[in-house]
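Taken together, the values in this text are just the output of simple stated rules run on the coordinates, not laboratory data. None of the values given here were measured: they were computed from a predicted structure. Cβ atoms come from the backbone with ideal geometry, glycine included; neighbour counts cover every protein chain shown.
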Amino acid sequence: MAIGIDKIGFFTSPYYLDIVDLAHARNEEPNKFLIGIGQKKQSVIPPTQDVVTLAANAAEKILSTADKQQIDMIIFGTETGIDNSKSAAIYIQSLLGISNQARSFEIKQACYGGTAGLQMGVEHIRLHPDSKVLVLAADIARYGINTPGEVTQGGGAVAMLLAADPQILEIEDKRTFYSDNIMDFWRPLYRKDAVVDGHYSNEIYIDFFKRTWELYQQKYNRQLDDFSSLIFHLPYTKMGLKALRSIIDESNHPQTLLAQFEASRVYNALVGNLYTGSLYLSLISLLANSNQLAGGSLIGLFSYGSGAQGEFYSARISNRFDNKNLKREMTDLLANRQQLTIDQYQDMYRSALSLSNENQKFDLSNDSSDFVLAGRQDDQRLYQSQK
Ligand code: CAA
């Protein structure tokens, strides 16, 4: 029985910062950011959006009323959680009107949380073929103003509906893992921005990629030439290119793999890092922008979560997949964002970091998203539908 991604949706903030403006403000050569890092724009998240609203906006676009009744598991992967106890999944369930006869919970292992949720959901459907599982991967990447990581900031959410006989991607039961206790990137409970040892994190990422790729080859007797594309967790898009280049000599068709990689980083370069969702935004980018994905094409996916967990797994494009709607929706979403000046970005960044626990109401006049965070009252977040 084929199991995998039946529907996929994406949402990000209505605001972005142009990376060339950031380079000028930080006295950096623009090509360092455009080519050396591989980013063009980054989403800037206003106080009216958090991981719950980002994920609700992504999921609402893909779910039918029938899906909402059939879903019996909601898994929310994030490292930007809004509560130390209650899961973001419960809020999604009520905001979207998903059946109460569901397991709803949140999971965490840095950027790996989306993949952990996806694989757990696939295994649930293997045991219960009539089930549908909603997997959400949403984050806001913050490193701080004037830090080396600033150019890689971003945020957004990917929503995936998993089912048997999926329309988009069939996940194979072939995957390899590697984990170890590494201090490359983390965020203590009292911090809103990350602590990172940037160059070390790059090294560990490549190390874990090579380990899981080699384990995969040995375990399943497959070579690089068996794959039509390899896609990666993209903290910034050059990172994936570095990983691909580290094994490209094993390929007899390097130009094809590099062209597929270019298709897979189009949207990530315009959004920035969204931690748990970055690999799946890259998947959306490949699906929407590649013209070489026939039904049955084999894709390799590398997932990495600092701290650290790596997983390499494989999947096949469904024979029923058609990318026209996905491409149109992504183009519309990303074209309709508002550009911020550096000062506006810095103000929005600082206001998100300095939010107090007091009762407050946010100005909603500049955020017309379906779901918004309207304010806080008595330690509760006030979510609102504007549909
Ligand atoms: N034209 C073209 N390229 C240029 C250039 C120019 N004028 N000037 C510099 N470059 C290139 C450099 O050669 C370098 O390329 P290589 O990496 O291929 O050598 C690239 O631009 C970056 O230059 P630096 O290494 O000097 O940049 P930096 O020290 O300012 O920081 C960084 C880069 C470490 C990635 C930093 O942005 C950072 O800390 N980012 C956050 C951490 C991160 O994303 N880590 C990734 C792995 S961890 C992970 O994946 C989990 C996660 O999501 C966080």
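Observations on the structure shown:
- Counting other Cβ atoms within 10 Å as a rough exposure proxy, the listed residues 348, 73, 183, 160 run 183, 348, 73, 160 from fewest neighbours to most.
- Across segment 115-212 the C-alpha pair distances fall into 10 Å bins from zero in the proportions 12, 31, 33, 21, 4 percent.
- Annotation for segment 36-130: trypsin sites (Lys or Arg not before Pro) lying in DSSP loop with at most 14 further Cβ atoms inside 10 Å of their Cβ are 86.
- In units of the rule-of-thumb radius 2.2 N^0.38 Å, segment 283-387 shows an alpha carbon radius of gyration of 1.56.
- Segment 7-49: translational diffusion in µm²/s, Stokes-Einstein, Kirkwood Rh over Cα pairs, 20 °C, 1.002 mPa s: 183
- Taking 0.36 nm per residue of separation and subtracting the current Cα-Cα distance, fully stretching the chain between residue 82 and residue 353 would add 96.2 nm.
- Ordering of 241-247, 252-258, 117-123 by packing is 117-123, 241-247, 252-258, highest average first (other Cβ atoms within 10 Å, averaged per residue).
- Calculated log₁₀ intensity ratio I(q)/I(0) where the Debye formula runs over C-alpha points of segment 247-317, q = 0.13, 0.29 Å⁻¹: -0.41, -1.38
- Computed over segment 170-320, the ratio Rg/Rh where both radii use C-alpha atoms and Rh is Kirkwood: 0.96
- Computed helical MRE - 222 nm, the chain, DSSP H runs ≥ 4 contributing -39500 (n - 2.57), nearest 500: -10000 deg cm²/dmol
- Among beta bridges from DSSP that stay inside the chain, the antiparallel ones total about 70%.
- With 0.36 nm allotted per residue and the present C-alpha distance subtracted, the residue 346-residue 173 stretch has 57.8 nm of extension available.
- Spacing of the two label points (7 Å from each Cα toward its C-beta) at residue 377 and residue 130, in nm: 4.1
- Descending Cα extents along the principal axes, the chain, whole Å: 58, 53, 41
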